[in-house]
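A quick write-up on the structure given underneath.
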Amino acid sequence: MLERVQADRAAKLEKIKQLGIDPYGGRYDTAEPVGKVLARYVDDQEGQRADVAGRVVLLRDMGKMMFAHIRDESGQMQFALRKNALSEEQWQLAGMLDLGDIIAVEGQLQRTRTGEITVWAEKLTLLTKSLNPMPEKYHGLQDTETRYRKRYLDLMTNPESLANFQRRVRIIDHFRSLLRARNFIEVETPVLQPIYGGAAAKPFLTHHNALDCRLYMRISPELYLKRLLVGGMERVFEIGRNFRNEGIDTRHNPEFTMMELYQAYADYEVMMEITEELISDSARQICGGVKLPYGDREIDFSRPWRRAKYDDLLVEHAGVSMKNPDAVRAKARELGIVETNKDDAVVVNEVFEAVVEEAIARDNRPTFVIDYPAEICPLTRRKADDPSIALRFECFVAGMEVANAYTELNDPAVQEENFRQQLRGEAQGETMRVMDEDFVTALRHGMPPAGGLGIGIDRVIMLLTNTQSIRDVVLFPLLRPEAQEQTE
C-alpha cells in the first residue's frame, strides 16, 4: 500500500516538473501567519485578502472545485481552489496536490455558508511536494513510539503537541525576562568537564583525542557558576543541558534541561521567592492562570507556597525523627529498606523518600521541604545553631521534585572536608571520584555568601502543560536504537 502511494506521488512529481514547475519551490516571504489572518478577519467587510503558506492537511476534490485546509505553526484554515479562478497550469497543479504538500495560496477572504473563514485562491504556489503520506488523515499521529522517534510527524499532525513545545519556549523566555528584571546575567559554562561535580549522579564519559584526556559530560554547572561568584559576577544564571548516565522513565531523561542561578549576598529564602515568582508568573502569564489541571487534579500555584521542615514531615508521616537514628533504622527495616553499611543520614533520606515524598505528592499545592540533614548536603551551609541541619530546600509538586536550592557553603576548609567525606563514601554509592582542588582554591580566594537554585525545566513544563511524561516535553528524547530493539 505504501509503495503504491509513493509511486503515485513520484509520478505526480514528474508531471509537475514537466509543467515547468519547481516541485521544491524557493523563497516565499510574503505569507501572513494563518492565526493572524483569522484574527483580523471582519465579517461582511469587502476587499479582504490573504496570502498564506503551510502544509495541506485536508483535501476534498469536488470536481471543478476543491476545498482544503492549510496549516502553519500559528493555526489552520480553509482555502478553496476553483477551476475558473486559476490558470490552466495552476488547475493542473491543483489536481496533483496531496496531503502533506507545502503550498502557498493567495486570494479573497470570505466566510462560507458553513461558517469557515476561507481563502478563495486566485494563485497557487507549490513550495514542496511531499513524497511520503502523512500518518493520519484527520486524527493525528497516535502511536507513542513513532511520535517520539519521528517527532517531525508528531508536530506535523498533532497541533496540541506543537502548541506545547511552543509554550515551552515561551515559558523559558519568561524565566529569562524575569531574571533579567532581577539583574541576573546569563552565562555559559563547560559541558565537557575534566572533573564532574555539583550533584550525586553517574556521568557520561568521553575522550578528547587532541589533548589525550578523559572528559565527562556535565552532571551540573554548579561549581563553575560559583567560580563566577568568586570572580565578582554577583547574579548569574544558565539554562542548558545536563547529562546523567542513569535510568529512563516518565520523569527522567539522561539528557535534560536545567536552569541554575546564583545570587551573592542571598540565601535559600530568597531562592524560594525566586522559584515562586518564576513558576507562578509563568502559569499566570502563559498558561492561563495559577490554578492548572494536572491529570485528574488541579494544582494551585498561587503564592505563597507551603513551607515544611524535613524532620517535621518525617515525624508526621513516618513517625520517626532524624534525631533518633535507631528508630529510623527500625522504620527502614519495616519498609524493606536495606539499612546496613549505610550512614545514618543516608538511611534517613531513604525513609523520607519512601514515605514522606509519597505523602506530600497528594498535596495540590507546591511544597518547599526545608532544612535537610547536613551529611547529604556537602555543598550547603549549616544552620548556625544546629550544624546537623543544612540550609537547603527541595520543592515538590504533584510528586515531582522540580527545584533544589541552598544557602551556599563558602567556607573552604569545611568544603574540602565535605569533599573528602564524599570520596570516603564512594562504597556507599557516591559517584565523586576526584576532588575538585581548583574549586576549593577558588573558595580560598573568597566567595561571597550566596543563595543558589536549580530548577528542572522539563518537569516544570510537564506541570504547566498538563503532560504526564517527560518525553512529551523533550523534542527528541533518548530511545533505545531501533536496530537493537529488533535484535532483542
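The values are calculated or read from the model by the stated rules, or taken from the named source; none is laboratory data. What you see is a predicted model, and the numbers here were worked out from it, not measured in a lab. Glycine also receives a Cβ, built like all others from the backbone with ideal geometry; neighbour counts cover every protein chain displayed. Side chains are part of the model used for accessible areas, which takes the heavy atoms of the whole protein and leaves out ligands, DNA and RNA. Shrake-Rupley method; radii C 1.70, N 1.55, O 1.52, S 1.80 Å.
Calculate the dipole size of region 16-123 relative to its Cα centre from +1 charges on Lys and Arg beta carbons and -1 charges on Asp and Glu beta carbons; express the result in debye to the nearest 20.
Dipole about the Cα centre, nearest 20: 220 debye.
Using 0.36 nm per residue, how much length does the chain from T340 to R180 gain when fully extended, once their Cα-Cα distance is taken away?
Full-extension gain reported as 52.8 nm.
From the residues Y148, A384, A68, which one has its Cα farthest along the dipole of the chain in the positive direction, the dipole being from +1 and -1 charges on Cβ of Lys/Arg and Asp/Glu about the Cα centre?
The listed residue farthest towards the positive side: A68.
Could you compute the FRET efficiency for K291 and A163, with r as their C-beta to C-beta distance and R0 at 22 Å, rounded to 0.05?
That pair, K291 with A163, gives E of 0.65.
Kindly report, to the nearest 10 Å², the accessible surface of I195 as traced by a 1.4 Å probe over protein heavy atoms only.
50
Excluding F237 itself, calculate the net charge of residues whose Cβ lies under 14 Å from the Cβ of F237, where each Lys or Arg counts +1 and each Asp or Glu counts -1.
The answer is -3.
Which of the residue pairs K150/K202; K17/K150; K36/K291; K17/K123 have a Cα-Cα distance greater than 24 Å in the structure shown?
K150/K202; K17/K150; K36/K291
For region 159-267, with all protein chains present and a 1.4 Å probe, just round the carbon and sulfur fraction of the accessible area to a whole percent.
51
For region 247-379, what does the relative contact order come out to in percent, with C-alpha contacts under 8 Å and a separation of six or more?
Dividing the mean separation by the residue count of region 247-379 yields 23 percent.
I need the GluC sites (Glu not before Pro) found in region 85-192, filtered to DSSP loop residues with at most 16 other beta carbons within 10 Å of theirs.
E116, E136, E188
Toward the positive end of the charge dipole of the chain, about the Cα centre and with charges on Cβ (Lys, Arg +1; Asp, Glu -1), which of V460, A10, G295 goes farthest?
A10
Compute, for the chain, the length of the dipole vector about the Cα centre, with Cβ point charges of +1 (Lys, Arg) and -1 (Asp, Glu) only. Units Debye, rounded to 20.
Using Cβ point charges on Lys, Arg, Asp and Glu, the chain gives about 1420 debye.
I'd like the distance between the alpha-carbon centres of region 168-183 and region 229-271, rounded to an integer number of Å.
Taking the Cα centre of region 229-271 as reference, the centre of region 168-183 is 15 Å away.
Say R0 is 41 Å: what FRET efficiency, to the nearest 0.05, do A200 and E73 get from their beta-carbon distance?
0.55
State the percentage of accessible surface on region 314-425 attributable to carbon and sulfur atoms; use a 1.4 Å probe and exclude ligands, DNA and RNA.
46
Could you work out the percent of alpha carbon pairs in the chain separated by over 36 Å, rounded to a whole number?
46
So which trypsin sites (Lys or Arg not before Pro) in region 4-67 end up in coil per DSSP with only 15 or fewer other C-beta atoms within 10 Å?
R27, K64
Give or take rounding to whole Å, what are the principal axis extents of the alpha carbon atoms in region 1-145, in descending order?
47, 41, 31
Put +1 on the Cβ of each Lys and Arg and -1 on the Cβ of each Asp and Glu in the chain; which of P159, T441, G247 then has its Cα farthest toward the positive end of the dipole?
Farthest towards the positive end: P159.
Non-local amide H neighbours of L409 (under 5 Å, H modeled in plane, Pro and chain starts lacking H): which ones?
T380, R381
Apply the membrane-span-like helix rule to the chain: whole DSSP H runs, Cα extent along the own long axis of at least 27 Å, mean Kyte-Doolittle hydropathy at least -1.0. List the helices found.
Sorted by number, the helices that extend far enough and score high enough are 159-181.
If V397, V414 are ordered by their accessible area, calculated over protein heavy atoms with a 1.4 Å probe, which sequence runs from highest to lowest?
V414, V397
Could you let me know the centre-to-centre spacing of region 319-387 and region 68-105, using Cα atoms, in angstrom?
Here the two parts' Cα centres lie 63 Å apart.
Roughly how many Å² is the accessible area per residue of region 185-224, as a whole number, for a 1.4 Å probe?
55
Compute the FRET efficiency between R307 and L13 as 1/(1 + (r/R0)^6), taking r as their Cβ-Cβ distance and R0 = 51 Å, and round to the nearest 0.05.
0.20
Once you charge only the Cβ atoms, +1 for Lys and Arg and -1 for Asp and Glu, what is the size of the charge dipole of region 57-182 about its Cα centre, to the nearest 20 debye?
Dipole size: approximately 580 debye.
Taking just the C-alpha trace of region 218-329, give me its Rg and Dmax in Å.
Rg and Dmax of region 218-329, Cα atoms, are 18.3, 49 Å.
Let me check I've understood the local charge: for H174, count other residues with C-beta under 15 angstrom from its C-beta, Lys and Arg +1, Asp and Glu -1. What total comes out?
Summing Lys/Arg as +1 and Asp/Glu as -1 gives +2.
Find out how many positive minus negative residues lie around R218, taking Lys and Arg as positive, Asp and Glu as negative, among other residues whose Cβ is under 12 Å from that of R218.
Net local charge, R218 excluded: -3.
Take the chain, mark every one of the chymotrypsin sites (Phe, Trp or Tyr not before Pro) that falls in a DSSP loop and has at most 16 other Cβ within 10 Å, then report the longest stretch left between them, sites excluded.
Free of exposed loop sites, the longest segment is 266-488.
Which value in nm describes the separation of the simple spin-label points at K64 and D143, placed 7 Å from the Cα toward the beta carbon?
Once both label points are built, they end up 4.3 nm from each other.
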